[in-house]
Structures are given as structure tokens and as C-alpha cells.
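Take a look at the structure below.
The values are calculated or read from the model by the stated rules, or taken from the named source; none is laboratory data. Since the structure is predicted, the reported quantities are computational estimates derived from the model, not experimental observations. Note that we place each Cβ from the backbone using ideal geometry, even for glycine, and neighbour counts take in every protein chain shown. Ligands, DNA and RNA are excluded from the accessible area calculation, which covers all protein heavy atoms including side chains. Shrake-Rupley method; radii C 1.70, N 1.55, O 1.52, S 1.80 Å.
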Amino acid sequence: MSPGVGKTYAMLEAARRELAATRDLVIGYLETHGRKETDALADGIPTVPRKTVDHRGLALTEMDLDAVLARRPQLALVDELAHTNAPGSRHPKRWQDVQELLDAGIDVFTTSNVQHIESRADTVRQITGAEVRETVPDSVLDDAVLELVDLPPAELVQRLQEGKVYLPDRAAAAAQNFFREENLTALREIALRLVADHVGADTGDFYREQARTGPWKTSHRLLVAVGPGPSSEPLIRWTRRMADGLQCRWLAVHVEGPQSMTSSAQAQLEKNLATARELGAQVMTTTDDDLVRGLLRVARELNVTQIIVGKPGNSRWLDWFGGGDHLLRRLTRESGDIDLHVVRADKACSGEPSRGWRPMLESHFRQYLFAMGTVAATAVLNLAIMALVGPRVPGLVFLLAVMLLALKVGRGPVLVAGALSALVWNFFFLPPRFTLSITTLEDGVLFGTYFVVALILGQLVARIRAQEQAERRREERASALYELTRDLSEAGSRDEVVWHLIAQITRVFAAPVAVCLVAGDQLAPHPDSNLTLTEKELSVADWVFRQRKAAGRFTDNLPGAEALHLPLTTERKIFGVLAIGAKEKNLTTAQRDLLETFARQAALVLDRVELRNAAEQARLLAESERLSQTLLNSISHELRTPLAASSSAASALAEAECAPPEQRRALLAEIQEANARLNRIVGNLLDVARLESGKIQPRLDWYDARDLVQTTIRELQRELATHPVEVNTPADPMLVRLDVSLAQHALANLLLNAVMHTPPGTPIEVGAQLSHSHLLLRVGDRGPGIPPGAMPRIFDKFFRADGAATGGSGLGLTIAKGFVEAHGGTISVVNRPGRGALFTLQFPQLEKPPKTTEPD
């Protein structure tokens, strides 16, 4: 409940019990305030030495977070949870150090007074009058087990008087202020309620685990309206306390209207939303030109049961201009079944600007001067034309000037211009001139009507202009997100993702960007980055990568960094860090949300690219394993057959010493045929290896295509013995430029393929002709043809169509295709109706053959 009750002593006693249970623990930070009994209790407990931080010539000591993380105990003792770390530390607050220890899997014993709990700080200040500057977000305690260190207020006052809390000079002042017994009693009640609320939450979780008879329904959901004023902060704390009491979720919602905010109002809004986020709220920002409509829309979409708003402090006359009471009446009338809580704003924070009126008066001073100058110029113009048009037409000219002003300046200058133009028109133009008096009812009605119309038209045009500007801002954000999403959807590699991300952020935020990805074993900036990262910034990026949390500028983690570092992370893994060298003094909520959305989108696409690459690698591995198995099966069969034939013939030849010469020649021929088949198998394997290595370079020379065909048929005479061959070549020489060895090999493979897959006795047709600067070699058969489903894969390695004849390695057509393509040619196949398959080899002939000389 307060200092002096014995928190640190109780923590050390608990640590002694853990130490006795052989648990590995260390003291990360302990503040005994020189109390001997506390020092004695800490004696003997392992302690990590503090680190020294130099600040403006002063040596400050803090917990050495890195040393504790390196030590990796099971339990760490960290005193004074709400403590503010010395400037230059990794985190501004000690509770953030504790969170990093928890994230590393280290349990923590820590201490705090109830006045340092964020949601209770306002109540404590109202009771004691003491300003609480160091606070801990309630969300830090959500998963904690709380132990109340209690002491009756009278005993605590007695300890204070005995000098066990403060030194005598401080004790007397404390007894007159903070340590008054009525204050301590109230603080004790707050502490008891806080612990009771957490016990109630734990009990509720237990019963929800035990009850399985039906679904649980959320009974309450709170929504607090957050504005750009200081009174929103205590309102947020009030809502957190209410949510603790009801054990329910709560939201902090800001409705962004068409009016632009000043830099101070924007900074206050960012602070309010950060406070809500730290206290555990779900923070949302929506856009609507009507505050009430925006709040109720979000409330109904998210099933909110209770809305919390601040009690308005505007003067009653401001309600005519849409002040707080008017908005409150609308909320009451339109909220329907949603309950409404109106909470009194703290007097110390009553300076919140009105949403409707005061922003009008915050326009830049130059706009007011411009508005008054425009009215003066219009008056001079009207004086020049008054003799021609009379005193009433100038009123319309003034009205036109006010409307045009509304397109250029803010609502405040428009309001001033409307009132000033009415007075100028009355003084200089309406009779009696040079007075503000109106003598006729007609002029009075005219003046009054002009005054009202000028104000309404000016404000209406200004409002439309503000809405248009707000729509333009929303459109810019939506367009930026759309363009990034579109570009990333087309990215096929990690480098393309990074390039698109850097390009979009540079264009939208006009800031240098760096993307750090894992290269080898360390994090390194991508070459496309346009932000140079120093060693310090790289260390921040490394911390972000390890912790998966934002850090650097505009954050509470390592805020001394020059850049804002955001993790590129998904639920599956983290891919890198996005660093933005923002030039602005602060980022708006919309800008921060857009950056985080950019980072999330990029991380999702990086995840998709990695998964796609992994799937492709898995597919290639599976295909490689399949091909290896196919090769093994095919080669083992192809090798076994000729080896068995050769071995059998050799054995028979050895046994038939007295056999007739014809039988011996037959056995020798069988051995030669088996050896030739083995030679073709080995040659095919070597040719495939040459094709895949890309080392085949055709040696082009002039050759007669007729000789190419005849030579190939002659060398395959034994294999073609069961099929008549029909040759169709011209009678005249056909000089062509090609690698005769490769071309002959390709043609031979086609002939062998025809022999293998057609019945014996069916003819094979071979033809050659020149057509349109191409040599066409054709091989046709009279077999069953190629199944339609096998056509797309007929030239793949090891491919064999269903029902194909046994034998063969499945490499012949692949090799033929490779040799033809090495010449820059093509190979194709078609099924001829009723006549089998027809293969065509096309060899390009880019040069004309040399002229031959006739003999004398």
C-alpha cells in the first residue's frame, strides 16, 4: 500500500524459500535503503553486479540486463518495478526490463507500491495530493501472481516515527503529508481491492475451465472515447479500473474527424492512446465526420455494452455550436441498449480543447491576417462600384469573398471574415453611412440575414473543405496500402519484396529506409537499402530481431536510436527488421499504423516466398528421387539383359569347342550385339550428362544429308533387320551445315525408338528434304502411335508411356531433342491417322552451300 511496509524484506524471504528448494536464482537489482536487517537477509544470495551508466558526469547504477540474460537463472529478483532507468539504458522503465526477462523464460520476483499502478495513480493523487510520476501499466500485472504485503496504518506510522522507513528529517515531513493515517487507510483499501480483483480473475478462469455444460458469454465490453485533450488520460484509467472490477475486455476508440489537429493536440492524442495501450486496451482509430455516429458504429460492430465519455465542461452558449452537452444528449438518445457512463474530468486536466469550437481559434495567425486583408480589398472594390450598383450589391460581393475564403483558410478566419464583412458593409455602405446604426426595418432584416448567411455559408464551405482534406488523407493511406499490396503480390523473390517495400515507404513517408535480413549467421542490411545503419543501429535491429518487438525512435525500447525499427514477423517466424529514418519529431497514429501494416504485409509475402521456395525445393527433391529410382530401375534392367546374354553366349562358346563354325559365329554375334547394347546405354548416360552440363558445342561442317541417312541405316543394320526401311531422299546432293555426329546420333535414336515400339515386320519410313532454310529429317512408323496423354512429356528424361514395350532407358528421345536444340533446331512429333507416329527434326541452315566445281 505504501513505502515502508516491508516489500523488499518479504521478497527476500520468498527468495530464501526458493533457494532452499534448490532453485537457481540471482539478485538482478535490490534496493535495501541501508536497512541492516534487509542487508543481512540478502547476504549469501547470488547477485549479478550492477552496471554503471554515465549521465551528465554522474555515475548511475542500474540492473545489468544483459548480464542477467547471459546468466539465465530460473528466477531473478528485481526490486522497484516502477523505477525509471537512467538515460541511455535499453529501456526507459524497469518494468520493460522485467518483460524482457520473462520473454527469455526467466521468472521474476519484483515489488511495487499501489500508487505506481497506472490505473490507480489518479485516485492516489486525489487522496494524498502527491503527484505520481513513475507508473507501471496494469497489463504488466495481468499474468502476475500478486502477494499483498500488508501492515495496519498505525503500525506503519509507528515504523516511520522509529526511523525504519525514512531518515528522521524526511520522516517528519512524510508524517504530515503522505503518511497521514487516513491516507494510509485509503491506500490499504485500494491495495486490497487490486489484489482481490486479480484473485477474482483467477477464480473466474478456474470456473470457466471446470464448467463444460455450455458456452460462456461475455457479459460486459467497455468502450472509452479518447480525444486529444489531457482529460482523456484519467478517463482511460477510470475505464481500466472498471474493467478490472467487471473482469471484461475494453476498447479505447478515437474518432478522427475532418478538422486538422495542432501539433500539441496530436502529441497529446498519441500520449493518450499509448497510455490506453499500456493499460491493456484494444486501441482503435476510426474516421467519421460525426463523433457520435463514429462511436456508436464501432460500439455496435464490436458488441460493446457500455460507453464511457467525459463530462463536458463547455459553457452553455457553446452548445449552440455543437459543444459537449449537445454531443452527450445525442449519445444518450441514439445509444439504444448500450449503457452510457459520464465521468467527471479531473480539474487538473480540464483544459481539453472543445472538438467543435476551439479548433476554429487555433488556425495560424497569418490566416487571420489574410482573411482581414481580403475583407479590406473587397471593401475597396465595393467602394469603386457602389456608384453604379447601389449599397446592397456590395453585400453579395462580401458574401462571395467569404465563401472563397472558406476554400483557403480555416474555420476561425472564416468566422472572423463573416463578422467583419457584415460590420464593414453596414458602416461603409448601408445608409446612414459611416455609422453602425440601421434606420429602416428593411436594412435591418437585410443586415441580419446577411450576417447569419455569411456565417453559415462560410462555416459550411469550411466544413466541406475539411471533409475533403480528411477524405484525401484517407485516400492517400488506402492508395499507399493498395499499391504496396499490389506490388508485393507480384513479387517472386525476397529481393523483389524488399525493393517494393523500400520504394513504397520512401515515396509515402519521404524517409530513408533499410531492410535487414539474415545473411549467413548474422543480420545485415539489404543492398537496396537507402538508409545507412551505424553499429549502434545494427545492434538495435539485432535486438528487435531477437525480441520480435519494435524499438528505437518513437518507442519505449532503446529510444535513443536514430531510426524506428519494426520487426518483419509472422506467427510462424521472423524474417528481418525494417528501419525507418523518420525526420518528423513524432509519428501520428495513422502513420505508425500504416508503417506497421506495411511491415506485416511485407512479412506475410516474405513468408509466402519462403514457403513457395521450400515447396519448390521439396518438389525438386521428390522429382530427383523419382528420377533416381527410375534411372536405377531402368539401368539395372538394361544392363542385366545384355550382360546375361553376353555371359550366356560366352559360356556356351567356351563349352562348344567342337561346335560347327556357324554355331560359333552365331554365339560371337550375340556377344557383339550385347556389347553394342551396353555401349549404347553407357553412351546415352554420358550424352545426358553432357547435355545437362551445357558443354555440347556442335562442330558444324558441310555434309550430304543423303549420306547422313544412309550411314545411320547401315550402322543400325542389325537392329533394323526385323523392319523394312523405306528411304525417301532426293536424287541430287543435299549439302547441309551441321555436326554430323550429333545429327546421326539423334536420327539413330529415333530409328531405335521406332524399332522398339512397333510390331516386327512393319515398315519404317526415313526421309530428308530442304524446306525454307531448314533441313527436315523425318522418321515415321506404322505402330499404334503415341497416347494423347503422353504427348507433353514424350521428350522428358526416363519417361515411358503406359503400355510401352519393355526395354529401353527412356533417354533416347531426350538425347535426340538435346542434340537438335544444340544446333538451334526443334524436334516435334504427331500421330498420323492409321499410320503411327511421325517424328520431325528441323536443323536451321543459315548459310548457302559452297559451289562445287565440275571436273573437265
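Overall shape: oblate for segment 1-91, with the ratio a/c of the largest to smallest alpha carbon gyration tensor axis at 1.5 or above and b/c at least equal to a/b. Placing 125, 133 in order of accessible area, with the largest value first and a 1.4 Å probe, yields 133, 125.
Using the Cα centre as the reference, give the magnitude of the dipole from point charges on the C-beta atoms of segment 492-605 (Lys, Arg: +1; Asp, Glu: -1; all else neutral), rounded to the nearest 20 debye.
In total the dipole reaches around 240 debye.
The calculated FRET efficiency for residue 264 paired with residue 423, based on their beta-carbon distance and R0 = 30 Å, is about 0.40. In this structure, the amide hydrogen of residue 310, modeled 1.01 Å from its nitrogen in the peptide plane, lies closer than 5 angstrom to those of 343, counting only residues at least 5 positions away or on a different chain.
Each 10 Å bin, from zero up to the one with the longest distance, holds this percent of the alpha carbon pairs of segment 397-468: 23, 46, 24, 7, 0. Sorted on the mean count of surrounding Cβ atoms within 10 Å across their residues, most packed first, peptides 416-423, 432-439 read 416-423, 432-439. Shown here for segment 406-514: GluC sites (Glu not before Pro) in loop regions (DSSP other than H, G, I, E, B) with at most 11 other Cβ atoms within 10 Å, of which there are none. Remark: segment 438-519 carries 52 Å² of accessible area per residue (probe radius 1.4 Å; ligands, DNA and RNA excluded). The largest accessible area among 368, 29, 482 belongs to the first residue in 482, 368, 29, and the rest follow in falling order (1.4 Å probe, all chains). Judged by the gyration tensor of its Cα atoms, with axes a ≥ b ≥ c, segment 699-756 is oblate; a/c meets the 1.5 cut and b/c is at least as large as a/b.
Note that segment 569-615 presents 48 Å² accessible area per residue, ligands and nucleic acids not counted, probe 1.4 Å.
With label points built 7 Å along Cα→Cβ from the Cα atoms of residue 150 and residue 675, find their separation and express it in nm. Calculated label separation equals 10.5 nm. Think of segment 68-127 as a dipole: +1 on every Lys or Arg Cβ, -1 on every Asp or Glu Cβ, centred on the Cα centre; then among 84, 127, 96, 84 lies furthest on the positive end. Given the pairs 271/573; 797/817; 271/549; 51/271; 93/549, which are separated by over 22 angstrom at their Cα positions? Long pairs (Cα-Cα over 22 Å): 271/573; 51/271. Element breakdown for segment 117-158 at a 1.4 angstrom probe: carbon and sulfur atoms account for 44% of the accessible area. With a 1.4 Å probe rolled over the protein heavy atoms of all chains, the accessible area of 774, 33, 526 falls in the order 33, 774, 526, largest first.
Pairs of Cα atoms nearer than 8 Å and 6+ residues apart set the relative contact order; for segment 744-802 it is 27 percent. Identify the trypsin sites (Lys or Arg not before Pro) of segment 472-532 meeting these criteria: DSSP loop state and at most 13 other C-beta atoms within 10 Å of the C-beta. Answer by residue number: there is no such site. Is segment 734-840 rounded, prolate or oblate when judged by the Cα gyration tensor, a ≥ b ≥ c being the square roots of its eigenvalues, rounded requiring a/c under 1.5 and prolate requiring a/b larger than b/c? Since a/c reaches 1.5 and a/b is larger than b/c, the shape of segment 734-840 is classed as prolate. Expressed in units of 2.2 N^0.38 Å, where N is the residue count, the Cα radius of gyration of segment 441-517 is 2.10. Solvent-accessible area of residue 729, all protein chains in place: 40 Å² (probe radius 1.4 Å, heavy atoms, ligands and nucleic acids excluded). The spacing between segment 474-528 and segment 382-439, judged by their C-alpha centroids, is 54 Å. Element breakdown for segment 473-611 at a 1.4 angstrom probe: carbon and sulfur atoms account for 51% of the accessible area. Amide H contacts under 5 Å for residue 256: 286, 287, 288, restricted to partners 5 or more places along the chain or on a different chain, H placed in the peptide plane at 1.01 Å from N. Highest mean packing comes first when the peptides 288-294, 116-122 are listed by Cβ atoms within 10 Å, giving 116-122, 288-294. Magnitude of the charge dipole for segment 62-152, about its Cα centre and with charges confined to Cβ atoms of Lys, Arg (+1) and Asp, Glu (-1), is about 180 debye. Rolling a 1.4 Å probe over the heavy atoms of the protein chains gives segment 1-153 an accessible area of 46 Å² per residue. The length gained on full extension between residue 282 and residue 439, counted as 0.36 nm times the residue separation minus their Cα-Cα distance, comes to 50.3 nm.
Give me the number: length gained by fully extending residue 343 to residue 699, i.e. 0.36 nm times residue separation minus the C-alpha to C-alpha distance, one decimal in nm.
118.9 nm
As an exercise, use a Förster radius of 22 Å and the Cβ-Cβ distance of residue 14 and residue 195 to find the FRET efficiency, rounded to the nearest 0.05. Between residue 14 and residue 195 the formula returns 0.90. Sorting 78-85, 615-622, 720-727 by average packing, meaning the other beta carbons within 10 Å per residue, from highest down gives 78-85, 720-727, 615-622.
In the context of the full protein assembly, residue 145 retains an accessible surface of approximately 140 Å², using a probe radius of 1.4 Å and ignoring ligands and nucleic acids. Here the calculated FRET efficiency for residue 610 and residue 522, from their Cβ-Cβ distance with R0 = 22 Å, stands at 0.75, rounded to the nearest 0.05.
Put a dot 7 Å past the Cα of residue 773, heading toward its Cβ, do the same for residue 161, and the two dots end up 11.5 nm apart.
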